[in-house]
Amino acid sequence: MLEITKQEGEGPDYSLMRLKLGIKVTAWSDCMLAALVNGVKGNKWFSLIDKIISRDTMLAAWELVERNQGAAGVDKVTIEKFGLKYPQYLTEMQNDVKSGVYKPLQIRRVYIPKGDGKMRPLGIPCVKDRIVQCAIKLIIEPIFENEFVENSFGFRPGKGCKDALRKVQENLDQGYVHVVDADLSSYFDTIPHENLMERVQEKIADGKVLKLIRGFLEQGILEECKEWIPESGCPQGAVLSPLLSNVYLHPLDQLMIEKGIRMVRYADDFVIMCKTKEEAQMAFIIAEEWVKKNGLSFNQNKTHIGNCQIPGEGFEFLGYRFDNNERQVRKKSLNKFKDKIRELTRRNNGRSLDQIIFKLNQVLVGWFGYFKHAHKWTFGTLDGWIRRRLRAILKKHKKEKGMGKTLNDHVRWPNKFFAEKGLFSLEMARKRAISALKPS
């Protein structure tokens, strides 16, 4: 829960509250923030629909949706097309929501590849539905965010993957090395609607808002020529889904805290960290009982308990593998990175070396920023592999055969050559990062 400090003789710092709660709209007045601090009657919020359909909130929602771009839904209306008449469309949406006749369109389902070769379903709502969902989120998120606990990091204002990884490392450093690596089976697709709505209704008592949320949960799914109404789940790709997924797992966060169990959660991906094997086994039983009771299930093939100090008993979390007192890049993450590099360094891509290096650097800088805590041997190995692919391109430019692997190729285009061309070096970046941490 958010704690707001007060100075003597002063009230809460509402500017700080807005920042910590991620509030972006003026509909959240100081009066509402005071109610958030002091509590509301019955611990439930009424009369929120007028805040959701206010011009300020709808405009803010449209701007966020426009910034995120995304494909058109079943109505084939693109962001660009909506933008041509957005003032008119927003007015129509405000009137429809206010009068209670707004009805979401179907969600267009597509599939995107996962790292394990399987396909992940993705729902694409139409632009109008994304805006209404975003407007709802802008108003109700602070209410729930004020209750969420510190061990939850996914899809929350001011929190992210790096914060979750820091917390994991902190626990490991304190001896919490017996880890339950838990994987919920198809979490977003299996959240029971009625249970979820009960959680929402613990805080929200505005009938029109609840009707809208339920309508989005029960949106029809259109996949090519097939259409159906989902009986459970929050569509991955919908604006409200991340918030609702956190709302549903919040009681699990609370349970772990009440039991004195350390858990680090990022959306549906979480690890439970203990000091002994026995504690980890007991923590797993507690978590599994909660999961079953709430209509969910663990993927038994991907859920295990291990001592991450022992080789082979480690766990994977947010792209990393923690094993044998080392932090490695997870195999799936490494393969995804290499696939991206292969795409940019095809021998027949037709670009100049300078153009290729420019594109590579954009990927390399971002990747290093996230994975810079991986084992040191990772970076030099990848640098060498990337330079080898560039040497193969240079040979292709000269109409020569070969993959750039020979000693002659290395002498012809040494590492210094690529450094002078401005190629970002992962190994050198790591050395600079470590040097910056050393006391002067």
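Indicate the gyration tensor shape class of segment 360-409 (rounded, prolate or oblate), computed on the Cα atoms with a ≥ b ≥ c the square roots of the eigenvalues: a/c under 1.5 is rounded; otherwise a/b larger than b/c is prolate and the rest oblate.
Oblate, because a/c is 1.5 or more while a/b does not exceed b/c.
Explain nothing, just the number: relative contact order of the chain, from Cα pairs under 8 Å at least 6 residues apart, as a whole percent.
14
Gaussian network model of the chain, Cα springs within a sub-10 Å range: biggest mean-square fluctuation belongs to which of Cys225, Cys161, Cys126?
In this elastic network of the chain, the residue with the biggest mean-square fluctuation among Cys225, Cys161, Cys126 is Cys225.
Just want the answer: with Cβ charges of +1 for Lys and Arg and -1 for Asp and Glu, which residue in Asn335, Leu172, Ile143 is farthest toward the dipole's positive end in the chain?
Asn335
First select every other residue whose beta carbon is under 14 angstrom from the beta carbon of Lys211; then total the charges, Lys and Arg +1, Asp and Glu -1.
My count for the surroundings of Lys211 gives +1.
Magnitude of the Cβ-charge dipole of segment 139-275, K/R +1 and D/E -1, about the Cα centre, nearest 20 debye?
Magnitude of the dipole: close to 420 debye.
Can you give the percent of C-alpha pairs in the chain whose distance is more than 32 Å?
Cα-Cα pairs of the chain separated by over 32 Å account for 51 percent.
Alpha carbons only, please: Rg and Dmax for segment 190-249, in angstrom.
When restricted to Cα atoms, segment 190-249 yields Rg and Dmax of 11.8, 39 Å.
Within the set of other residues whose C-beta is less than 12 Å from the C-beta of Gly123, count the net charge using Lys and Arg as +1 and Asp and Glu as -1.
Residues near Gly123 contribute +1 overall.
What part of the accessible area of segment 45-190, given as a whole %, is carbon or sulfur when the probe is 1.4 angstrom?
In segment 45-190, the share of accessible area belonging to carbon and sulfur is 52 percent.
How much of Arg342 can a 1.4 Å solvent probe reach, expressed as accessible area in Å² and rounded to 10?
Approximately 100 Å² for this residue.
At q = 0.10, 0.14 Å⁻¹, what log₁₀ I(q)/I(0) does segment 16-107 have when each alpha carbon counts as one equal point scatterer in the Debye sum?
Log10 of I(q)/I(0), two decimals: -0.36, -0.66.
Could you work out how far apart the two model spin labels at Trp290 and Lys118 are, taking each label as a point 7 Å from the Cα in the direction of the beta carbon, and quote it in nm?
Result: 2.4 nm between the two label points.
Can you classify segment 36-183 as rounded, prolate or oblate using the Cα gyration tensor, where a ≥ b ≥ c are the square roots of its eigenvalues, rounded means a/c under 1.5, and otherwise it's prolate if a/b beats b/c and oblate if not?
Verdict is oblate for segment 36-183.
Could you list which residues have their amide H under 5 Å from that of Arg321, counting only those 5 or more apart in sequence or on another chain, with H placed in the peptide plane?
Placed amide hydrogens put Gln328, Val329, Arg330 under 5 Å from Arg321.
Using the structure shown, select from Lys128/Lys203; Lys359/Lys416; Lys20/Lys372; Lys331/Lys399 the pairs with a Cα to Cα distance greater than 30 angstrom.
Lys331/Lys399
Could you state the number of Å between the C-alpha centres of segment 361-394 and segment 246-309?
With segment 246-309 and segment 361-394 each reduced to a Cα centre, they are spaced 35 Å.
Taking a ≥ b ≥ c as the square roots of the Cα gyration tensor eigenvalues, with a/c under 1.5 meaning rounded and otherwise prolate when a/b beats b/c, else oblate, which class fits segment 289-440?
Note, shape of segment 289-440 comes out prolate.
I'd like the accessible area for Lys114: 1.4 Å probe, protein heavy atoms, all chains in place, Å² to the nearest 10.
Result for Lys114: roughly 70 Å² accessible.
Would you tell me the accessible area of Met32, worked out with a 1.4 angstrom probe on the heavy atoms of the protein chains, in Å² to the nearest 10?
Number for this one is 20 Å².
Starting from the Cα gyration tensor of segment 379-431, multiply each eigenvalue by 5, take the square root, and state the resulting semi-axes largest first in whole Å.
After scaling each eigenvalue by five and taking roots: 21, 11, 9 Å.
Pick from Ala419, Ala71, Ala35: which residue has the top mean-square fluctuation in a GNM of the chain where Cα pairs under 10 Å get a spring?
The residue with the greatest mean-square fluctuation here is Ala419.
Set the Förster radius R0 to 22 Å, insert the Cβ-Cβ distance between Lys159 and Glu63 as r into 1/(1 + (r/R0)^6), and round the FRET efficiency to 0.05.
0.50
Say we join alpha carbon atoms closer than 10 Å with springs in a Gaussian network model of the chain; which of Asp383, Asp181, Asp269 then has the biggest fluctuation?
Top of the fluctuation ranking is Asp383.
Given a 1.4 Å probe and heavy atoms of the protein chains only, how would you sort Ser29, Ser99, largest accessible area at the top?
Output order, biggest surface exposure first: Ser99, Ser29.
Excluding Met273 itself, calculate the net charge of residues whose Cβ lies under 15 Å from the Cβ of Met273, where each Lys or Arg counts +1 and each Asp or Glu counts -1.
Spelling it out: positives minus negatives among the neighbours equals -3.
As a test of reading the structure, rank His304, His373, His178 by solvent-accessible area (1.4 Å probe, protein chains only), most first.
Per-residue accessible area, sorted high to low, gives His373, His304, His178.
Number of Lys-Lys pairs in segment 224-325 under 24 Å by Cα, sequence gap 8 or more or different chains?
Count of close lysine pairs: 9.
Can you give the FRET efficiency for Lys203 and Arg347, using 1/(1 + (r/R0)^6), R0 = 41 Å, r = Cβ-Cβ distance, to the nearest 0.05?
Approximately 0.10, to the nearest 0.05.
The values are calculated or read from the model by the stated rules, or taken from the named source; none is laboratory data. Note that the structure is predicted; figures quoted are calculated from it, not measured. All Cβ positions, even for glycine, are placed from backbone atoms using ideal geometry, and neighbour counts span all protein chains on display. What goes into the accessible areas is simple: the full protein's heavy atoms, side chains included, and nothing from ligands, DNA or RNA. Shrake-Rupley method; radii C 1.70, N 1.55, O 1.52, S 1.80 Å.
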